[in-house]
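Asks: This is the structure I have questions about; it appears just below.
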């Protein structure tokens, strides 16, 4: 379907850009505008596109990237030149490494004649080029339609990611009669039938095949086809952190989430596999296991694009093309085999379920991670969305929190940046207003973008923010202790989070005993408005569970 406009008369460049964005189906622009964006803002004023003004450019990029992650379509993050553009870079890298479609627009001084010398000018295109799929300055208004189409094509095509267009002030004011606007529709290629046949043959020949589900499988058709494969064959599965929820994790065939690269109970099963079927895996994500070529299991790589091969991930067969189509064809060709042996896998799955339940009823306070996650899972509805900042709690959530539906646990295990939790929750709530959304943040990460509380309140969102307070950079503290170093350089103070939340017009509350958290979270989820829960947490379990216990585990089960 083409969407075109008549070329009867010329149009201002910024008006043309807005029309092109509308033709691409853009719903939201998340922005911290500057004076170099004023023509564009005026053009946007009468558009159907919704402008979301944020309090920091990083937050704008996180929100837009989360929209792209949930929908598969790009939103736009907008900033001015210079410092506005450099503030975007962390959010741009977040989208690029995480495979989230994102279009970034930045302003610039006039390129044909300027009276401001080099004031605020850096080469933004060169700055963003290494962390985008496509970065270009718009050199004339006539070029806007084709460059917008190309940018959106690049952002959406596999592998999705970030793209950048720079709009100079004089180009925004320049007139053009090039009003041809067309949405570029992408077609995903179907897999090679020979590759499917070879993959099916290898799966049926293996004794202990094992499914690994990663970020690229977090799509409805892929989930449906994978469930059909598991139902037909009974092949057990595990997931990467960014693959949580691809399939319902309450199933007996679910073995666990690879929260660590090696050494966990799940890796007992992975080490026994003679074939790993990796669906949607990308080496941008921290490795869920060592799947190298030195005596390890063979790996079948099933994805929209070819694998990047290294010592950690070394597939010996690739099935490239539409992933849902690939799995559907495997469902047709793979039949259960009498020599398959999944008994050990099921033992690992049972052991993992016992570990998840351990200390979930602890009344210790500050709260233990296991109790926090048990109560969190109890309070969140099946389709509720969790967005995580980055910290040690990410490992606990990955291991202990069972996801029931795809894209209900939005964590970042690619760039793994702090500061994304709250903006991502805002982006998720804007994208899915009918669903419950909660952000899980450490006190360190929360304070990096806490000003976006004002954005959430201004937009009248219903949102819960849980701050796990330990007054330190807890993830690094755990690493420091595990390396045998003395505690040093990682402690800090915090504001009174209840008063801080109230000052923005949100509702602040503080947990003072372990049994208060679950009911408080339930009430906050059911009450309109932005709620901030200050939850003191005891991370002493990190060393006992994630270091000492795993170091002495037995894989005999």
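Asks: When you scan segment 402-415, do you find a residue that is over 11 Å from the mean Cα position of the chain (by Cα), within 18 Å of residue 446 (Cβ to Cβ) and part of a loop (DSSP other than H, G, I, E, B), even just one?
Replies: Within segment 402-415, not a single residue is over 11 Å from the mean Cα position of the chain (by Cα), within 18 Å of residue 446 (Cβ to Cβ) and part of a loop (DSSP other than H, G, I, E, B).
Asks: Search segment 177-195 for residues being out of contact with any strand residue (DSSP E or B) (no Cβ under 6 Å at 6 or more places or on another chain) and modelled with pLDDT of 90 or more, and hand back the single one that is farthest from residue 326 (Cα to Cα).
Replies: Filtering segment 177-195 for residues that are out of contact with any strand residue (DSSP E or B) (no Cβ under 6 Å at 6 or more places or on another chain) and modelled with pLDDT of 90 or more, the one farthest from residue 326 (Cα to Cα) comes out as 194.
Asks: Something else now. Determine whether residue 379 is within 11 Å of the chain's Cα centre (by Cα) and surrounded by fewer than 22 Cβ atoms within 10 Å (Cβ to Cβ).
Replies: no
Asks: So, one more: Looking only at residues that are free of Cβ contacts under 8 Å to residues at least 60 places away in the same chain and outside any loop (DSSP other than H, G, I, E, B) in segment 511-544, which one is farthest from residue 478 (Cα to Cα)?
Replies: Among those residues, the one meeting the criterion is 526.
Asks: Now, a different point. Being modelled with pLDDT of 95 or more, surrounded by fewer than 19 Cβ atoms within 10 Å (Cβ to Cβ), in contact with a helix residue (DSSP H, G or I) (Cβ under 9 Å, 6 or more places away or on another chain) and within 24 Å of residue 427 (Cβ to Cβ): is that true of residue 453 here?
Replies: no
The values are calculated or read from the model by the stated rules, or taken from the named source; none is laboratory data. Since the model is a prediction, treat every value here as computed from it, not as a measurement. All Cβ positions, even for glycine, are placed from backbone atoms using ideal geometry, and neighbour counts span all protein chains on display.
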